[in-house]
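Every number here is computed from the coordinates shown, using simple stated rules; none is lab data. For clarity, every value in this text was computed on a predicted model and none was experimentally measured. A quick note on method: Cβ atoms are made from the backbone with ideal geometry, for glycine too, and the neighbour counts reach across all protein chains shown.
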Amino acid sequence: MVGFLDANVINVAVPAIGRALGAHVSALQWILTSYLATARCSSLITAPPRRVSLHIQEPTPVLCPSQSRRRLAEHAAPTIGGTMTTATMTIPTPREPELLGQAVVLIGGSAGIGLETARRARAEGAEVVLTGRNAERLERAAQDVGARSTAAFDAGDAPALKRFFDELPEPIYHVLVTGPGPTYVPLMEMTGDQVRREVGDHLALGLEVARNAAPKMRSGGTLLLMGGTGGRKISRALGIASAATAALPPFTAALALELAPVRVNLIAAGFVDTPLSATYFSAEGLEARREELRRTLPIGRVVGPEDVAALAVHIMSNTALTGATYDIDGGQQFVF
Ligand SMILES: NC(=O)c1ccc[n+]([C@@H]2O[C@H](COP(=O)([O-])OP(=O)(O)OC[C@H]3O[C@@H](n4cnc5c(N)ncnc54)[C@H](OP(=O)(O)O)[C@@H]3O)[C@@H](O)[C@H]2O)c1
């Protein structure tokens with residue numbers, strides 16, 4: 001029962017009104033029927049009927065929203081009164097949050113990509129745990145997004161990382177590892193230790209997180225690592241960063257095989273407008289870089305941490321994705 005208005009009413013009343021008005025009404029009839037079907041599928045109309053103006057028989061079969069959207073596409077640009085229209089109609093499609101009740105751990109969750117992913121995951125019903133080194137910033141971030149808990153430690157400190165995961169209650173659904181950024185130093189200016197750090201640290205961090213988190217992770221959950229598209233080209237300025245970048249996709253795929261059925265994926269970002277990016281520029285230099293990106297990127301705008309967060313949450317919720325690298329750079333790698 002839908003209320004005082006129902007599909008049968010539409011089937012009878014709308015053509016009658018239409019005939020009376022001399023108008024072509026099939027499009028209007030279909031639109032109203034679709035609206036009712038959507039409303040019934042999603043229980044949008046729940047109030048008891050306030051008045052009954054026509055006898056209502058058993059309702060005709062209803063279309064659920066996905067079917068309705070398909071029908072809407074098929075009926076695009078209906079002819080009304082002999083005039084073609086390209087107007088579109090938005091049908092409300094309420095849905096379940098994608099990460100309802102799932103625990104998401106953000107290693108590096110107090111700023112930038114990690115913090116925005118926490119915010120997005122919360123909006124999808126997740127419980128989030130944030131880590132970072134600076135306890136004050138971490139606390140502010142936790143209040144900002146309503147985090148379940150926080151832990152302040154350096155992710156490169158293997159014993160501290162192990163302690164954190166040992167103390168974390170099960171189950172963990174997803175873990176995003178952001179944390180430290182690369183150092184851009186010419187190769188000949190680097191010491192052996194620096195090279196080992198730059199190439200090894202990111203892989204070692206992924207590995208230590210995998211080792212400690214995976215036993216507590218739910219099948220189908222994902223470990224998400226961060227890489228970049230900028231380092232794919234070779235340049236003097238990038239130094240060791242290109243080699244470090246190149247190691248991540250095969251590392252991710254190999255880890256995905258070992259950790260299955262836990263999934264492992266890699267996000268490769270270009271310039272993302274975060275506090276980290278700001279550290280590479282002066283204030284004017286940063287604005288100039290943004291302007292350059294707006295002018296030259298195929299998407300005509302700067303990629304923000306919310307964009308990466310949207311991708312991260314999609315990878316968390318899409319259980320078909322593992323061992324893969326997902327580029328998100330607005331086309332930057334093809335124009336610079
Ligand atoms: N922004 C970009 O354009 C871009 C592009 C490609 C890839 N990435 C990668 O994405 C990751 C995140 O970048 P972002 O731009 O979001 O950086 P961000 O804005 O600087 O945020 C980094 C977060 O990680 C934490 N963190 C940093 N070092 C840490 C450590 N050693 N141990 C624990 N937590 C640490 C920071 O908090 P504390 O400082 O308090 O520890 C902060 O919460 C980095 O790995 C970066 O290389 C960034």
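Remarks
- For the pair the stretch 177-255 and the stretch 107-133, the centres of their Cα atoms are 20 angstrom apart.
- Charge context of T319, other residues only, Cβ under 12 angstrom, K/R +1, D/E -1: +1
- Whole-Å semi-axes of the stretch 109-183's equivalent ellipsoid (Cα gyration tensor): 18, 15, 12
- With neighbour counts taken as other beta-carbon atoms within 10 Å, the residues I91, I234 rank, fewest first, as I234, I91.
- The stretch 179-336: C-alpha gyration tensor shape, a/c 1.5 cut-off, then a/b vs b/c: oblate
- Charge dipole (Cα centre; +1 on Lys/Arg Cβ, -1 on Asp/Glu Cβ; no other charges) of the stretch 232-333 amounts to roughly 260 debye.
- Legend: ranking of residues R263, R122, R133 from fewest to most surrounding C-beta atoms inside 10 Å; resulting order R133, R122, R263.
- Volume of the convex hull of the stretch 218-264 (Cα atoms only), normalised per residue: 58 Å³.
- Cα shape, the stretch 136-178, gyration tensor, a/c 1.5 rule: oblate
- Applied to the stretch 170-182, the Karplus parametrisation 6.51 cos²θ - 1.76 cosθ + 1.60 on θ = phi - 60° returns per-residue 3J(HN,Hα) values of 7, x, 9, 8, 9, 10, 10, 10, 10, x, x, x, x Hz, with x for Gly and Pro.
- Nearest-20 debye value, the stretch 100-235 charge dipole, Cβ charges on Lys, Arg, Asp, Glu: 320 debye
- With 0.36 nm allotted per residue and the present C-alpha distance subtracted, the F334-A283 stretch has 15.7 nm of extension available.
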